[in-house]
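Below you'll find the structure, written out as structure tokens, and then a few comments.
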Amino acid sequence: QMSSGAADLRQRKKQNCTESDKMAPEERNKENSKLGRSPKYMLIQRFAKLFFGCLAAVTSGMMYAVYLSTYHERKFWFSSRQELEREITFQGDSAIYYSFYKELLKAPSFERGVYELTHNNKTVSLKTINAVQQMTLYPELIASVLYQASGSEEVIEPVYFYIGIVFGLQGIYVTALFVTSWVMSGTWLAGMLTVAWFIINRTDTTRIDYSIPSRENWALPYFACQVAALTGYLKKNLNCSAEKFCYLLVNASTYTFMMMWEYSHYLLFVQAISLFLLDSFALAQTEKVHEVYRIYLFSLIVGYLLQFENSALLVSPLLSLVVALMLSKYLQMNVKKSTFVSRLLKIMYIYLVLTVAVTLNFLLKMFIPHKENEHLLKFIEVKLGLNTTKNFTMNWLLCQESLQAPSQDFFLRLTQSSLLPFYILVLIICLFSVTQVIFRRICGEPVKETVKLEDGRIGERPEIVYHVIHTILLGCLAMCLEGMKYLWTPYVCMLAAFGVCSPELWMTLFKWLRLKAVHPILLALVLSMAVPTIIGFSLWKEFFPRIMTELTELQEFYDPDTVELMTWIKRQAPVAAVFAGSPQLMGVIKLCTGWTVSSLPLYNDDDLLKRNENIYQIYSKRSAEDIYKILTSYKANFLVIEDSICNEVGPVRGCRVKDLLDIANGHVVCEESDNYAYSKYGRFCHEIKMNYSPYVNYFTRVYWNRSYFVYRINTVISFQS
């Protein structure tokens with residue numbers, strides 16, 4: 001039965017594809033004959049529109065990449081810096097990613113480099129890690145292969161090649177958003193407005209300014225390509241060749257996106273929910289939606305195999321949802337129509353899918369050994385107020401700006417660029433139109449195969465409905481966590497630009513208002529050109545001078561204390577030495593010197609999280625003996641204390657590292673609504689600078705400057721109190 005159902009499904013798809021291919025030219029010929037235009041004239045017009053649109057899209061992407069490169073040069077004076085000074089600009093986890101790229105290039109062969117990364121015991125003391133799997137180093141593997149295979153060693157330095165690829169991907173990101181808005185609105189004017197809003201709101205659309213090698217900067221351009229292809233794939237009356245091209249592009253971009261970012265399956269899960277709702281309300285072709293589910297399934301399986309049997313993909317909510325959807329579809333196809341069971345399945349469809357998905361995910365987690373970001377689940381519990389904790393790591397994460405609710409400044413910036421008001425307007429019109437369409441479906445009104453401009457039914461276009469649902473879901477996440485704005489804001493730019501440039505959207509609005517004084521179609525066409533033009537001129541007048549000022553203004557980035565520290569380590573420290581300190585500094589030490597460290601700024605491994613918490617105790621009120629035992633348990637030889645953390649004066653009291661450590665260690669006393677830190681020991685990072693017993697018995701100061709104090713951890717100790 002299943003094979004016959006699948007055969008019927010394929011046959012229907014072929015028939016629909018053939019019919020659309022046949023109908024499209026006939027309809028166009030009829031329309032052209034009415035307007036007195038020859039088919040040859042129309043073909044030339046369509047080709048010119050496509051050519052100039054593609055040229056504008058590619059040019060926008062290239063100009064954005066050049067803009068990022070120029071801004072980066074002006075900000076860091078990159079070309080005039082020495083290699084060490086350039087590498088210091090990579091901070092935190094970015095430093096770790098780039099350090100592995102350097103190691104790959106230094107390896108005698110690519111195969112040997114990959115082996116050393118998958119069996120890495122030179123990065124973290126007493127720990128052998130598969131860095132490719134744990135840190136998703138596929139971007140670095142690809143970059144190193146391209147650098148060596150293209151013969152770029154004699155042409156360009158490795159760091160320029162690396163950041164050049166990332167900036168190029170950001171150009172592809174912008175081009176994909178341009179194309180998405182163009183496909184939805186039918187005019188590349190929408191694409192130009194999307195790019196303008198994206199660049200003007202760059203603070204809220206991308207993290208490229210702060211963290212070039214971060215996984216999302218490598219992955220999100222592929223997701224944008226997938227969204228653009230999916231937008232075209234969902235369109236009605238698409239000819240066969242265009243549909244196949246979109247389908248193949250969705251395939252390739254989904255798989256690549258999953259390989260580039262460890263959290264990609266969560267974002268695809270949000271997308272799958274959007275498609276599920278789209279299909280549940282019969283707003284899209286079921287066959288197309290289920291083809292996308294199969295792409296998810298294939299990508300998860302291939303990703304699991306190539307990511308060293310990554311169990312996190314097997315217990316991901318995406319896999320559970322896709323399997324539940326496919327099982328529900330199988331039941332519907334194999335139950336006779338017009339029976340009580342078939343009607344019940346239709347009514348209970350959403351409940352059935354969600355129940356099966358939750359149950360399956362619970363069973364998978366029960367039987368498959370995994371470390372699927374348990375700290376992430378605990379964080380969500382605390383964030384939602386379902387639990388409280390004194391745990392240092394949890395409270396430290398809660399204090400991060402990216403994990404806070406978005407500030408008022410965020411909404412103010414979007415409003416000043418006119419993005420937020422137009423997005424809300426477009427969203428409201430589309431939502432009302434979609435609600436009308438759903439109500440008509442419930443009332444039994446048949447689906448219209450082709451929606452004309454004069455119908456004013458923008459909510460009947462499946463690709464529009466998908467984007468409305470998708471931006472609402474991403475918006476809900478962005479309202480909870482400010483870091484999610486980088487996923488949401490780019491699609492806000494795209495949807496708002498599509499709306500103001502779409503005659504259909506204006507026509508939908510005029511249909512409700514029942515305009516009679518002016519011809520609504522004419523007014524819709526005029527507004528779809530006039531409104532974006534006015535917005536474009538106002539943005540140009542207000543923001544273009546600011547952008548040019550950014551590019552012409554030289555900024556000073558110089559950190560002499562860190563340069564001195566790295567120089568001292570490379571000259572004075574033994575090659576086999578192990579350094580301990582804050583995870584962010586350890587990432588920079590690993591990149592700039594190559595020395596082994598005791599911790600890393602990574603938060604997807606329980607052991608590393610525990611290490612980070614233990615080594616952060618150097619800023620707590622613990623005894624010298626306690627700190628010594630912690631450090632020697634990780635075979636550390638040198639300790640680096642940062643004055644900026646030890647004497648931190650944070651804007652929010654209770655979010656400083658030392659405050660969080662006092663809470664976790666129970667060194668906080670509450671008196672009359674005030675909190676006081678109390679311990680029989682002084683704060684270690686202060687006391688060790690005094691050079692008195694017992695601190696001098698355990699640690700010997702070997703280097704210091706204004707920002708850093710380096711101590712050798714003594715091997716022969718006279719234990720005194």
Report task. Calculate the length of the line joining the C-alpha centroid of segment 594-628 to that of segment 468-502, in whole Å. Result -> 38
Query raised in the report: Largest first, how would W188, W540, W506 line up by accessible area (1.4 Å probe)?
Result: W540, W188, W506
Query raised in the report: How high is the relative contact order of segment 560-713, given as a whole-number percent (alpha carbon pairs under 8 Å, six or more residues apart)?
Result: 25
Report task. Convert each backbone phi in segment 396-411 into a coupling constant with the Karplus relation 6.51 cos²θ - 1.76 cosθ + 1.60 (shift: θ = phi - 60°), then list the ³J(HN,Hα) values in order as whole Hz, x for Gly and Pro. Result -> 5, 5, 5, 7, 5, 4, 5, 9, 8, 5, x, 7, 5, 4, 4, 5
Query raised in the report: Cα axis of helix 503-513 to longest principal axis of the chain: angle in degrees, 0 to 90, nearest 10?
Result: 70
**Report entry** Point-charge dipole on Cβ atoms (K/R +1, D/E -1) for the chain, about Cα centre, debye to 20
**Finding:** 2120
Query raised in the report: Given C-alpha coordinates of segment 560-713, what is the ratio Rg to Rh with the Kirkwood estimate of Rh?
Result: 0.96
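Let me confirm the definition first: pairs of Lys residues in segment 46-165, 8 or more apart or on different chains, C-alpha distance under 28 Å. How many are there?
5
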Requested in this report: Return the FRET efficiency for the residue pair T59, K541: r is the Cβ-Cβ distance, R0 is 22 Å, and the value is rounded to the nearest 0.05.
Outcome: 0.50
Report summary line: From most to least accessible, 1.4 Å probe, no ligand or DNA/RNA atoms counted, M548, M42 line up as M548, M42
Report task. Could you provide, to the nearest whole Å², the per residue accessible area of the chain with probe 1.4 Å? Result -> 48
Query raised in the report: Using Cα atoms only, what is the angle between the long axis of helix 2-35 and the major principal axis of the chain, expressed in degrees (0 to 90) to the nearest 10?
Result: 60
Requested in this report: Per DSSP H run of at least 4 residues, take -39500 (n - 2.57); add these up for the chain, divide by its residues and hand me the 222 nm value, nearest 500 deg cm²/dmol.
Outcome: -21500 deg cm²/dmol
Report task. Would you mind putting 122-133, 170-181 in packing order, based on average other-beta-carbon counts within 10 Å, highest first? Result -> 170-181, 122-133
Report task. Would you kindly find the accessible area of I428, with a 1.4 Å probe and non-protein molecules such as ligands, DNA and RNA excluded, rounding to the nearest 10 Å²? Result -> 80
Report task. Quick one: check the C-alpha center-to-center distance for segment 215-263 versus segment 158-179, whole angstrom. Result -> 17
Report summary line: In the chain the accessible area split gives carbon plus sulfur, as whole percent at 1.4 Å, a share of 62
Query - Per-residue HN-Hα couplings for segment 639-644 [Karplus 6.51, -1.76, 1.60; θ = phi - 60°; Hz; x = Gly/Pro] - result: 10, 10, 9, 9, 5, 5
Query raised in the report: Computed from these coordinates, which is Kirkwood radius over Cα pairs in Å: [x] 28.7; [y] 31.4; [z] 32.7?
Result: [x]
Query raised in the report: So how much accessible area does L473 have, in Å² to the nearest 10, using a 1.4 Å probe?
Result: 50
Query raised in the report: Please identify the chymotrypsin sites (Phe, Trp or Tyr not before Pro) of segment 274-314 that satisfy two criteria: DSSP loop assignment and at most 13 other Cβ atoms within 10 Å. Which are they?
Result: F308
Query raised in the report: Say R0 is 45 Å: what FRET efficiency, to the nearest 0.05, do T415 and S679 get from their beta-carbon distance?
Result: 0.40
Query raised in the report: How many nm separate the modelled label positions at R46 and T632, each set 7 Å beyond the Cα in the direction of the Cβ?
Result: 8.0
Requested in this report: Run the numbers on the chain and let me know its relative contact order in percent, using alpha-carbon pairs under 8 Å that are six or more apart.
Outcome: 16
Query raised in the report: Tell me, what does the Kirkwood hydrodynamic radius of segment 46-165 come to in angstroms if you use every pair of distinct C-alpha atoms?
Result: 16.6
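The values are calculated or read from the model by the stated rules, or taken from the named source; none is laboratory data. Note that the structure is predicted; figures quoted are calculated from it, not measured. Don't worry about glycine lacking a Cβ; one is built from the backbone with ideal geometry, like all the others, and counts go over all protein chains shown. Areas reflect the complete protein model, heavy atoms only, side chains present, ligands, DNA and RNA absent. Shrake-Rupley method; radii C 1.70, N 1.55, O 1.52, S 1.80 Å.
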